[in-house]
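Participant: The structure's right below; bear with me while I get my questions together.
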Amino acid sequence: MARIRKTKDYDKFVFVDFNRSINRSLQSNLSKSVEVLEARLDLFPLVVKPLNKKYADASYPDGKHEIWDGQHRFIVAKQKDAFIHYMIDEGDTLKAEHLAYIQTSGGWKLDDHLNKYCVLANRLGNGKYQDYKIYDGFKRRSGWSHNNVIALLVGNTKGAVASFKDGHFTIERSIAEANDIIDKIGEFGSYFKHYKSRSFVTAMIKIITKVDEYDHKRMMTKMDYLSEKLVKCPDATTYVMLLEKLYNFKATGNYVRFI
């Protein structure tokens, strides 16, 4: 078992850019629990790695350390002028991809996973995790939820969210088609303030990709004078039903069903 060391040299430690973002609520709760435990931070040592192998010499303990697990504990200890308790992991078994599994408090958000894999894609430079960088571009461009962007680029979310977290996310829809879908849904922005909501986007992706007879120009023509009838709905199915009615308003022999 690795030896637990302690220090008050806070400059010895650095954060890593592929870690999750700081959770202020978690930090506040941890600060309170430390007070209850009488600052027994030695019970929960940080896991750190050498910033660079050049520090691995006789004076290694005085070198810089990357905080892989315990960044919130580090912040609290520094605020309380307490000792930093830490263990040095010099092996290669623990990798950046594993951070979400060893950090059980607070959990990782999809934004944290996305940041991690984008940073690793840039750092590795070998093509691995490049789909996450493309995903990040679509996420920023659309302003949609993660679930909707995943559905857009994969076709569904079944099992895709787990793959996203594990680093196995792969884009299955063509970039051109994905861009076209975002553009079409974006045109509703002039008529409907909830056009980026998860349920509405889910409904429109289904209509655009599953209804062969769907004509987007026809839909936008209907929006010019029926947009006040496009109201917020509780779920995607209700949106599909409402959009079908609006699309077919006063249709004569050319009724197109969306369901």
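Participant: What pairs come up if the first residue lies in the range 65-80 and is crowded, with 18+ Cβ neighbours inside 10 Å and part of a helix (DSSP H, G or I), the second is at pLDDT 85 or above and among the acidic types (Asp, Glu), and their beta carbons are under 7 Å apart, counting only those six or more places apart or on different chains?
Facilitator: Partner pairs satisfying both residue conditions: none exist.
Participant: A follow-up question, please. Just to be sure before I move on: is residue 206 among the basic types (Lys, Arg) and under 30 Å from the mean Cα position of the chain (by Cα) in the structure I sent?
Facilitator: Details: among the basic types (Lys, Arg): yes; under 30 Å from the mean Cα position of the chain (by Cα): yes.
Yes.
Participant: Restricting to the range 178-202, count the residues that are without any contact (Cβ under 8 Å) to a residue 12 or more places away in the chain, under 17 Å from residue 222 (Cα atoms) and of a type in the set (D, E, K, R).
Facilitator: Here the count works out to 1.
Participant: Let me ask something additional. If I filter the range 26-36 for residues that are modelled with pLDDT of 65 or more, charged (D, E, K, R) and not in a loop (DSSP other than H, G, I, E, B), do I get at least one hit?
Facilitator: So far as the range 26-36 goes, no, none of its residues is modelled with pLDDT of 65 or more, charged (D, E, K, R) and not in a loop (DSSP other than H, G, I, E, B).
Participant: Within the range 225-235, can you find the residues that are more than 32 Å from the chain's Cα centre (by Cα) and free of Cβ contacts under 8 Å to residues at least 24 places away in the same chain? Step through it out loud before you land on a result.
Facilitator: Quick first cut of the range 225-235, residues more than 32 Å from the chain's Cα centre (by Cα) only: 225-229.
Once the filter is applied, which keeps residues that are more than 32 Å from the chain's Cα centre (by Cα) and free of Cβ contacts under 8 Å to residues at least 24 places away in the same chain, the range 225-235 yields 225, 226, 228, 229.
Participant: Sticking with this structure for a sec: Kindly provide the set of residues from the range 163-180 that are in contact with a helix residue (DSSP H, G or I) (Cβ under 9 Å, 6 or more places away or on another chain), surrounded by fewer than 17 Cβ atoms within 10 Å (Cβ to Cβ) and part of a helix (DSSP H, G or I), ordered by number.
Facilitator: 163, 166, 175, 177, 179, 180
Participant: Sticking with this structure for a sec: Could you tell me whether any residue of the range 197-211 is under 21 Å from residue 255 (Cβ atoms), modelled with pLDDT of 95 or more, of a type in the set (D, E, K, R) and surrounded by 14 or more Cβ atoms within 10 Å (Cβ to Cβ)?
Facilitator: Yes - at least one qualifying residue is present in the range 197-211.
Participant: Would you confirm, using the coordinates I've provided, whether residue 97 is surrounded by 14 or more Cβ atoms within 10 Å (Cβ to Cβ), of a type in the set (Asp, Glu), closer than 29 Å to residue 169 by Cα and modelled with pLDDT under 75?
Facilitator: Numbers: surrounded by 14 or more Cβ atoms within 10 Å (Cβ to Cβ): yes; of a type in the set (Asp, Glu): yes; closer than 29 Å to residue 169 by Cα: yes; modelled with pLDDT under 75: yes.
The answer is yes for residue 97.
Participant: Next question, about the same structure. Applying the selection to the range 47-70, what residues are modelled with pLDDT of 50 or more and under 17 Å from residue 8 (Cβ atoms)?
Facilitator: 48, 62, 63, 64, 65, 67, 70
Participant: Which ones in the range 248-259 are surrounded by 14 or more Cβ atoms within 10 Å (Cβ to Cβ), over 34 Å from the mean Cα position of the chain (by Cα) and touching a residue at least 24 places away in the same chain (Cβ under 8 Å)? So that I can check it myself, show each step before the final result.
Facilitator: Taking the range 248-259 as the starting set, the residues that turn out to be surrounded by 14 or more Cβ atoms within 10 Å (Cβ to Cβ) are 248, 256, 258.
Next, only the ones that are over 34 Å from the mean Cα position of the chain (by Cα) stay: 248, 256.
Scanning the range 248-259 gives a single hit, 256.
The values are calculated or read from the model by the stated rules, or taken from the named source; none is laboratory data. Here the structure is a predicted model, which means the values were calculated and not measured. Using ideal geometry, Cβ is built from the backbone for each residue, glycine included, and neighbour counts are taken over all protein chains shown.
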